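See structure below.
The values are calculated or read from the model by the stated rules, or taken from the named source; none is laboratory data. All figures in this text were calculated on a predicted structure; none of them were measured in a lab. Positions of Cβ are backbone-derived with ideal geometry, glycine not excepted, and every protein chain shown enters the neighbour counts.
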């Protein structure tokens, strides 16, 4: 048989509905304050990842050029043999052309309007142009 002291300790181990509701409200308030800042940083991180991938693709195109004396016709040529005996690829590791952080293929122009080749992503809005977080990410800027 339980003593009164043991019964009291059993009751103190459980949370009341009010205590649980207060904790949920506090967590909601914290998420409401932190959420927008995290989303802003996520957008910035995606833009930085796109810049890094564009630089990687641009360097792979330069390696391709050094081997074949011409730039690839498409980014797929960096991972798929063109049939030339000079092809020393794949030029990307892993041997797969990445997509931009928004799930779209990188745009590639050969010849480029801003250099020998142009590599770019349309950014978050997935459309040409834009400003701020929707601005295009390019290999020439």
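Looking across region 55-74, just one residue is surrounded by fewer than 16 Cβ atoms within 10 Å (Cβ to Cβ), part of a loop (DSSP other than H, G, I, E, B) and under 25 Å from the mean Cα position of the chain (by Cα), and that is 74.
Screening residue 86 on (1) farther than 14 Å from residue 55 by Cα; (2) in contact (Cβ under 8 Å) with a residue 12 or more places away in the chain; (3) in contact with a helix residue (DSSP H, G or I) (Cβ under 6 Å, 6 or more places away or on another chain); (4) surrounded by 12 or more Cβ atoms within 10 Å (Cβ to Cβ) shows it passes everything except condition (4).
Yes/no matrix, rows are residues, columns are (1) within 26 Å of the chain's Cα centre (by Cα); (2) over 23 Å from residue 126 (Cα atoms); (3) modelled with pLDDT under 80:
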{"position": "3", "(1), (2), (3)": "no, yes, yes"}
{"position": "19", "(1), (2), (3)": "no, yes, no"}
{"position": "26", "(1), (2), (3)": "no, yes, no"}
{"position": "38", "(1), (2), (3)": "yes, no, yes"}
{"position": "42", "(1), (2), (3)": "yes, no, no"}
{"position": "45", "(1), (2), (3)": "yes, no, no"}
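Return the residue satisfying two criteria in turn: it lies in region 78-92 and is at pLDDT 90 or above, under 16 Å from residue 59 (Cα atoms) and in a loop (DSSP other than H, G, I, E, B), and of such residues it is nearest to the chain's Cα centre (by Cα). Here the answer is 92. Has region 113-123 got any residue that is assigned to a loop (DSSP other than H, G, I, E, B), more than 15 Å from the chain's Cα centre (by Cα), in contact (Cβ under 8 Å) with a residue 40 or more places away in the chain and surrounded by fewer than 18 Cβ atoms within 10 Å (Cβ to Cβ)? The answer is yes; a qualifying residue exists.
Of the residues making up region 124-141, those that are exposed (fewer than 14 other Cβ atoms within 10 Å of the Cβ) and assigned to a loop (DSSP other than H, G, I, E, B) are 126, 127, 128, 129, 131, 140, 141.
Here residue 52 fulfils each of the conditions (1) within 20 Å of the chain's Cα centre (by Cα); (2) in a loop (DSSP other than H, G, I, E, B) apart from (2).
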